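Derivation of every value follows stated rules applied to the coordinates shown; laboratory data play no part. What you are looking at is a predicted structure, and each value in this text was computed from that prediction instead of being measured. Don't worry about glycine lacking a Cβ; one is built from the backbone with ideal geometry, like all the others, and counts go over all protein chains shown.
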Amino acid sequence: MAEGHITNAEAPQFFTRLAALLDTNREKGHGSVYLTQKRMALSPDAAPSPTKVADDPLWDTHPANPLPVIVRASDTKEDKAKDGSRRDKPKIKFSTIVQPDALDAFYARYAETCKAGMSALKKRDRSKRKKDKRKKAKTGDEKKG
Amino acid sequence: MPRFSTSAEWLSQSSLLLKARPTSTRISSKYSVLSPKASKVSKSRKKAATLTASEPAAAPASDDVSATPTPTRANIATFTLKTYDPASGTCLKYQTNKAAEVGRLVGSLGKLARVMAALPEVVEDLSAPIDQAGTHTPVPEGVGKDVKAGDAKGPPGGGGAGGGKKKKKGKK
């Protein structure tokens, strides 16, 4: 990755970029956005000494301290052949490291951004329910009559 | 590669996998908007053609106009969640196309992130009051919900009293 992670303090930047990514996807009208999350196990205190690992092979299931989570976002590479442009468009990708104490706040905002950005998904279909109600009412009337 | 039909099932299985292999497991979610396959497009065009044939009045003018927007409108958007553990090769998937589910699914991603971060799973206790605050429902409403579910499933005799309680609360 050419640029570093967006650090915890710059989390808002992650959301603005994510919103922009989803927006460009909407403008294009097609394409995919990938979001991944994984435990950040590269910090020095997370990896214990080899002897300890040998002693307790499942050490990672109960670490001493809570670990940060890395959240990555990217779109797909665009093929020049499809687009008709001269070069492949590289992926847009960025990531943020969320500290354990900031997880809840992060995910609340994450949900908001995703809900707003993923607008091409099917909206709740209310017309069907209304129809059903009408049908029910009709059948009820018939029974009464 | 199991695909689950309910998100709750996916969540429970994923959290089990995460607990077993917290370091190697990753969760990726994919939001994709794809234009439909050529075969589907031709099918829908045929359908449209038959429709316009049945309504000859609107046919010639609207045909050209509607031909261009239909493919974009027919784009298929999906939201796929995938839990994958490269060490064991386990892969759990859930896919939806409903916008209403996104909020809940990202919420469950948050729950799983807590497991990833090795935070204690007090999530349900913590999240419950937050949810209730959001919908302006204090503790008794939760009881009401339970009663509702009981009403729908259980015999009318057992749920009757609960139903009455719920009505009283509504009046207040």
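Structure notes:
- Note on region B:86-117: among residues that are in a strand (DSSP E or B) and of a type in the set (Val, Ile, Thr), the one that is nearest to the other protein chains (Cβ to nearest Cβ) is B:Thr96.
- Residue list for region A:91-122, filter: hydroxyl-bearing (Ser, Thr, Tyr) and under 13 Å from the mean Cα position of the chain (by Cα): A:Ser95, A:Thr96, A:Tyr107, A:Tyr110, A:Thr113
Let's see how each residue does on (1) farther than 26 Å from A:Gly117 by Cβ; (2) out of contact with any strand residue (DSSP E or B) (no Cβ under 7 Å at 6 or more places or on another chain); (3) facing another protein chain (nearest Cβ under 10 Å):
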| residue | (1), (2), (3) |
| --- | --- |
| B:Met1 | yes, no, no |
| B:Leu11 | no, yes, no |
| B:Leu18 | no, yes, yes |
| B:Ile27 | no, no, yes |
| B:Tyr31 | no, no, yes |
| B:Ser42 | yes, yes, no |
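- Residues of region A:56-95 that are away from chain B (no Cβ under 12 Å) and of a type in the set (S, T, N, Q): A:Ser85, A:Ser95.
- Residue list for region A:24-36, restricted to those being surrounded by 20 or more Cβ atoms within 10 Å (Cβ to Cβ) and touching a helix residue (DSSP H, G or I) at 6+ places or on another chain (Cβ under 6 Å): A:Val33
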